[in-house]
């Protein structure tokens, strides 16, 4: 058995390790065992107790299980996991949000020291898990398209969700690695020779997937807790993509499409309510892995005694808060041993509770306001930009911005993003790159920072298996 890599993606008439089911008279349990650590998973015969890939998508229950299992993998083992192996923690250490205090042998050290190399197993894990989940999304799309008996409404919902996930993961991959393959199939012959796309072409493919998803997904949520994306989740991601691509008018329009739906999304002014699972400002979130569970973020970030077991917020980050900023008192917690004081993110406050209090929020309304503020400022609508920016500042207990010029307003937006979106899936890293400030900011505060650190290295094992992925990113 070998580690998963993009060149092992293979689909035949059935997928033995992808869908396993256990039947009993009273229940149906579908466990989607993803294909990590499997060399060639079509070599094993399909046991009689398993479902064929085609059969999975003929029943609503199993088809939904196929899709929801992807979300569980995203929650537990992906770029977006709230655990220490996810971007929230890793990129927090990679930039200026976190100082690392943990075991010197911990894999996070390479991120904190900006000393990544092409053989780094954590980087390979980010690559592998993403393409693993992209493969699963493609399998859902193909299964849905071949399905005969699944109702059309369910087909549209599931295909829309799978397209959304495929777009989301490719979006993160290209912002981490630069030019990457855009995988839209499950054929191993094509996968083994997949060619890289330019970042701009990846964005084009992401936009195409999201525009399809918007047409397929319903406006309302099919689940009360917003863990299954609806049409506006796709609009939210598309707004972010357009912003990153410099498509200011499009980004503003996509953001407005979300914000104007006041029947679903109500701006939450109470900082202690925003990260609760019932928050009206949540656009899409991931449910915990068990009933009564809360977020992996709360486990990763929160500590009660010092020194911190993993990471704490840097002094530089803490000094960015102004005296009256309510986010400092509501979203950050101090821990002291009587001599030294450390600070940790406290957006997610709960761990062991009788019932789930918090889910991991991937998209929320405050980011959409900041997207529109930036897009408006870039396109010259400075009054509208300040209106959106001041909405965020008011919630934090701050006065309206004093910024006047376009450059001043954009700087104010960048600072507001730093304080509003800290430790949420690497926003700080991506924002510094977009604003062309990553070198000027991180070279001052980070030991070992170099210009090539703006991209991760492509895992060397992938380059060895597929020459089409060459050349390696500069500096590695």
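The values are calculated or read from the model by the stated rules, or taken from the named source; none is laboratory data. Predicted model only: the values in this text are computed from it and were never measured. Here the Cβ positions follow ideal geometry from the backbone for every residue, glycine too, while neighbour counts run over all protein chains shown.
What to note about this one:
- Failed item, numbered, when residue 378 is tested on (1) farther than 20 Å from residue 254 by Cα; (2) touching a helix residue (DSSP H, G or I) at 6+ places or on another chain (Cβ under 9 Å); (3) crowded, with 17+ Cβ neighbours inside 10 Å: (1)
- If you filter the range 140-150 down to residues that are touching a helix residue (DSSP H, G or I) at 6+ places or on another chain (Cβ under 7 Å) and under 11 Å from residue 60 (Cα atoms), you find that the one that is surrounded by the most Cβ atoms within 10 Å (Cβ to Cβ) is 144.
- Residue within the range 92-99 that is surrounded by fewer than 20 Cβ atoms within 10 Å (Cβ to Cβ) and either touching a residue at least 12 places away in the same chain (Cβ under 8 Å) or assigned to a loop (DSSP other than H, G, I, E, B) (or both) present: yes
- Filter result (assigned to a loop (DSSP other than H, G, I, E, B) and surrounded by 12 or more Cβ atoms within 10 Å (Cβ to Cβ)) within the range 320-348: 320, 321, 322, 325, 331, 346, 347, 348
- Subset of the range 382-423 (residues that are free of Cβ contacts under 8 Å to residues at least 24 places away in the same chain and in a loop (DSSP other than H, G, I, E, B)): 399, 400, 401, 402, 403, 404, 405
- Residue match in the range 110-123 (condition: farther than 25 Å from residue 237 by Cβ and in contact with a strand residue (DSSP E or B) (Cβ under 6 Å, 6 or more places away or on another chain)): yes
- Residues in the range 444-465 that are in contact with a helix residue (DSSP H, G or I) (Cβ under 9 Å, 6 or more places away or on another chain) and under 16 Å from residue 178 (Cβ atoms): 450, 451, 453, 454, 455, 456, 457, 458, 459, 460, 462, 463.
- Set 84, 137, 118: member being buried (at least 19 other Cβ atoms within 10 Å of the Cβ) and farther than 23 Å from residue 240 by Cβ: 84
- Residue match in the range 190-210 (condition: part of a helix (DSSP H, G or I), in contact with a helix residue (DSSP H, G or I) (Cβ under 9 Å, 6 or more places away or on another chain) and at pLDDT below 95): yes
- Here residue 215 does not fit the description of being out of contact with any strand residue (DSSP E or B) (no Cβ under 8 Å at 6 or more places or on another chain), surrounded by fewer than 16 Cβ atoms within 10 Å (Cβ to Cβ) and at pLDDT below 95.
- Residue within the range 429-437 that is surrounded by fewer than 22 Cβ atoms within 10 Å (Cβ to Cβ), more than 25 Å from the chain's Cα centre (by Cα) and touching a residue at least 12 places away in the same chain (Cβ under 8 Å) present: no
- Flag if residue 292 is part of a loop (DSSP other than H, G, I, E, B), touching a residue at least 24 places away in the same chain (Cβ under 8 Å), on the phi > 0 side of the Ramachandran plot and surrounded by fewer than 17 Cβ atoms within 10 Å (Cβ to Cβ): yes
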